[in-house]
């Protein structure tokens, strides 16, 4: 696999992170913080009531007291947003680098593109019997396409097709 199929050399091609996954995580974090602060501000409005006497009053108390612990839980989607924004993908003549993990072209057995048209997923089957899934949703689209072109040159395509034929009008 180290020999280039087309005989051309490629420079370093990089794909930076897409912002969509991070924005979705940040929205979840904002909702958790907002609801938690709202509940925290209303804690004094709902005194404790025994569930055996008044279930509605107890549910109001429980919602506000449990909801007040949501802001610390916002750290989880914030960490996810940071993780998404730190994603990196790069390909060159020597190999592929995915989030700091370097993979030589000799270590890649095949490229499975059977789910690329429908889901944007490319699966690299490595010689150590492990799989590495590259998801187009996590990277900037134009930059990811450039990395895919390098992959097509360096790795034998076994299943599926990466590009649509010209007469295929699916969106």
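The values are calculated or read from the model by the stated rules, or taken from the named source; none is laboratory data. No experiment lies behind these values; they were computed from the predicted model shown. Counting neighbours? That spans all protein chains shown, and the Cβs are built from the backbone with ideal geometry, glycine included.
Here is how the numbers come out for the structure above:
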{"read-out": "Residue, farthest from the chain's Cα centre (by Cα), within region 100-123, restricted to residues that are part of a loop (DSSP other than H, G, I, E, B) and over 13 Å from residue 147 (Cβ atoms)", "value": "114"}
{"read-out": "Residues of region 111-145 that turn out to be in contact (Cβ under 8 Å) with a residue 40 or more places away in the chain and surrounded by fewer than 16 Cβ atoms within 10 Å (Cβ to Cβ), as a count", "value": "5"}
{"read-out": "Filtered residues of region 27-75 (kept if in contact with a helix residue (DSSP H, G or I) (Cβ under 9 Å, 6 or more places away or on another chain) and assigned to a loop (DSSP other than H, G, I, E, B))", "value": "42, 46, 47, 48, 49, 50, 51, 52, 68, 69, 74"}
{"read-out": "Residue count, region 17-26 (criterion: out of contact with any strand residue (DSSP E or B) (no Cβ under 7 Å at 6 or more places or on another chain) and in a loop (DSSP other than H, G, I, E, B))", "value": "1"}
{"read-out": "Filter pass, residue 147 being farther than 30 Å from residue 32 by Cβ and at pLDDT 90 or above", "value": "yes"}
{"read-out": "Filter result for the condition that a residue is under 29 Å from residue 27 (Cβ atoms) and over 19 Å from the mean Cα position of the chain (by Cα), over 134, 70", "value": "70"}
